[in-house]
Amino acid sequence: MPSDLGGPPVEIHRIGFIFAMRAEGAGLIDRLGLQERGRLDPDLPACWFSGRVEGGPDGRDLEVAIAFAGEDPQHGCDRIGTTPATLTAYLLCREFRPDLLINAGTCGGFQRAGASIGSIFVGGGDFLFHDRRIPLPKFDEFGIGRIPALVDESVRAALGAESGIISTGDSFAPTAEERVFFERERVTCKEMEAASLAGLSRDLGIRFLAVKAVTDLVDHPEPEESAFARNLSRVSQILEDRLIQLLEWIRVRE
Ligand code: ADE
């Protein structure tokens, strides 16, 4: 069945998810009953899970895989950020060959864009990088990225999400200069992986979708890190419900 996920029609049978943190994606693995598949590379902590979502009377089966960059052995935390996410996504794409790659996870939102804790956004407009400042001709725009998001209105509606501009950087704490960038570019979600994965997906010719749930507000007096820690578990559950809703929509749509 052709996809209406944005861009030229393509059949969607195999869906790969990349989550940065185990806490963000563990619930979806349980809910879908996915099997652990081990490491994506023997020398890296990146790991994956896969399984089949069975079709109903009018639905088709979907093959689903979920990958994480894994835990950093030196620091004992998830390997968040662009480099581990891109490496993991590359390995998953080569191993699993998804028709659609979804980067799902949490983000910092902006009150001025109408976000509140638990709001869900899909990446729209262009994916940006806010921490790649390269003041040289051509490299300046390469640094910012502006990788087009190909997302259809029906996907947004299926998720019950808003569409917004996602900006990626490898720091959780923003600088004053980055805050100016967020205003100027009307950024809606600040997170740490999506633009890199959008770029990889474009290079590999794989349909890409970013789905982000707001754990904290960048333009709020409470520090992002304390709101993030308090809301991570609850917001990950909201995200899980919406991703199930999306899979169901993909499975049964005409
Ligand atoms: N993930 C969740 N909240 C975030 C924030 N404020 N900045 C970057 N990544 C995030």
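Throughout, read-outs are computed from the coordinates displayed, never taken from laboratory work. Computed from a predicted model, the values in this text were never measured in an experiment. Cβ atoms come from the backbone with ideal geometry, glycine included; neighbour counts cover every protein chain shown.
Just add up the charged neighbours of C77: K/R +1, D/E -1, any other residue whose Cβ is under 13 Å from the Cβ of C77. Walk me through the numbers before you get to the answer.
Working: positive: R22, R79; negative: E71, D72, D78.
Local net charge: -1.
For helix 224-252, report the angle its Cα long axis makes with the longest principal axis of the Cα atoms of the chain; keep it between 0 and 90° and round to the nearest 10°.
So the inclination is approximately 30 degrees.
Can you give me the angle between helix 82-96 and the longest principal axis of the chain, using Cα atoms only, in degrees from 0 to 90, rounded to the nearest 10?
Helix 82-96 sits at roughly 20 degrees to that axis.
Once fully extended, how much extra length lies between H75 and L44, figured as 0.36 nm per residue of separation less the alpha-carbon to alpha-carbon distance?
9.7 nm
May I ask for the net charge around R112, where only other residues with Cβ less than 12 Å from the Cβ of R112 are counted and Lys, Arg are +1 while Asp, Glu are -1?
Details: positive: R179, R186; negative: E183, D219.
Surrounding charge for R112 is 0.
Normalised by the empirical 2.2 N^0.38 Å for globular proteins, what value does the Cα Rg of segment 58-170 take? Show your work: numbers first, answer last.
Numbers: Rg = 16.4 Å, N = 113, 2.2 N^0.38 = 13.3 Å.
That works out to 1.24 for segment 58-170.
Please state the equivalent ellipsoid semi-axes for the chain: what are the square roots of 5 times the Cα gyration tensor eigenvalues, largest first, in whole Å?
Details: eigenvalues 144, 81, 72 Å².
Ellipsoid half-lengths, sorted descending, are 27, 20, 19 Å.
Show me, for segment 200-214, the HN-Hα J-couplings you get by feeding each phi into the Karplus relation (A = 6.51, B = -1.76, C = 1.60, θ = phi - 60°), rounded to Hz, glycine and proline as x.
After applying 6.51 cos²θ - 1.76 cosθ + 1.60, I find 4, 4, 4, 4, 8, x, 10, 4, 9, 9, 10, 10, 10, 10, 7 Hz.
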